[in-house]
Each structure stands twice: as C-alpha cells, then as structure tokens.
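One structure is given here, and the rest of the page talks about it.
The values are calculated or read from the model by the stated rules, or taken from the named source; none is laboratory data. What you see is a predicted model; the values in this text were computed from it and never measured. Cβ atoms come from the backbone with ideal geometry, glycine included; neighbour counts cover every protein chain shown.
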Amino acid sequence: MKKIIFFMICLFTLFGCTQGEADTSHPPKLQISVAGKQYNTILGTYCWSGGCEDKVGPVDLLANTEPLVVKAQETITLVQKEKERPDSLFLTEIFEQQEKEIALDHYSFKAPTEVGTYYYGLSGTWFGEGKYEISGDAQYAFALKIER
C-alpha cells in the first residue's frame, strides 16, 4: 500500500510540475487562420535544441502541396500559443520569383490583390529568455492562391 501511495505522489508531482510548460525539444507549431479556420504550415529549416535540419526554400518545400485559396485582401492571421511566440519574426512573400518582406500587424497581414499563387516564408527566432526559455530559430512555409 505504501508503494502505491509513493508511486501516486511521484506521478502527481511529475505531472504537476510539467503542466503548463512549453515543449522546448522542437520548434513550436505554427498555423494560419483564414475566415475562422486554421491551417497548418510546413516546418522548413531550423536549428533547435543543439541540432539543425536544413531544408529547401518555401517554393520547393511546397512543391507537392495545394495552396490555400483565399479572397483578395482577406486577413491572414498567424496562430501560435502566446508562450511559444518568437522574439523576432519576419515574413517574406514570393510571387513570380520576386521576394519582398511583408509587414505584420498583430500577427496578421492582408492577402494580395493580384490573382496568382503566392509563397510565404516565415522566419522566427527565440532568444531563450523569459519563463519558458525557448531558444532557436525556425522557418515555416505556406502558399496562398488568389482567384477572381
């Protein structure tokens, strides 16, 4: 009986101490939200927990995926748990082999107005400061298709 009680106390302590902590073993997931629905992005190149994985750029990374069809000027919002948000974030848009940086406004931006397929590369860096001590950098990719 004492062993069971001891085991239960150990389990309670273990789960109690880890609840609410961020998982720092790999880059956090990132989704985009469009018209109230959430969609996954694809994790690209990253350096995390002492290891790095090098992948191709956003266009090649998304070669076998269908772009998300959205309306022109529709609001696209990046979705990530607040405790997992990066310290710096840069969004790059690639359209017809031309790249440009896109400004984010509270984790959101507007879809382009011109018809076509747009590729996005999102680069985040975590400096390892704060309560959760998340540290590393990661790139995410997604594609949007603007139709008439």
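Numbers below:
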{"item": "Residue identified as within 18 Å of T24 (Cβ to Cβ), among the aliphatic types (A, V, I, L, M) and assigned to a strand (DSSP E or B) among L78, L144, L43", "result": "L43"}
{"item": "Selection from the stretch 91-114 of residues that are assigned to a strand (DSSP E or B) and surrounded by 15 or more Cβ atoms within 10 Å (Cβ to Cβ)", "result": "L91, T92, E93, I94, F95, I102, F109"}
{"item": "Where P86 falls short, out of the listed (1) outside any strand (DSSP E or B); (2) at pLDDT 95 or above; (3) touching a Phe, Trp or Tyr at 6+ places or on another chain (Cβ under 9 Å)", "result": "(2)"}
{"item": "Selected residue (criterion: surrounded by the fewest Cβ atoms within 10 Å (Cβ to Cβ)) from residues of the stretch 73-84 that are under 15 Å from the mean Cα position of the chain (by Cα) and in contact (Cβ under 8 Å) with a residue 40 or more places away in the chain", "result": "K81"}
{"item": "Qualifying residue in the stretch 116-126 (condition: in a loop (DSSP other than H, G, I, E, B), surrounded by fewer than 15 Cβ atoms within 10 Å (Cβ to Cβ) and without any contact (Cβ under 8 Å) to a residue 40 or more places away in the chain)", "result": "no"}
{"item": "Close pairs (8 angstrom Cβ cut-off, 6 or more residues apart or separate chains): among the acidic types (D, E) in the stretch 96-114, part of a loop (DSSP other than H, G, I, E, B) and surrounded by 12 or more Cβ atoms within 10 Å (Cβ to Cβ) anywhere", "result": "E114/A72"}
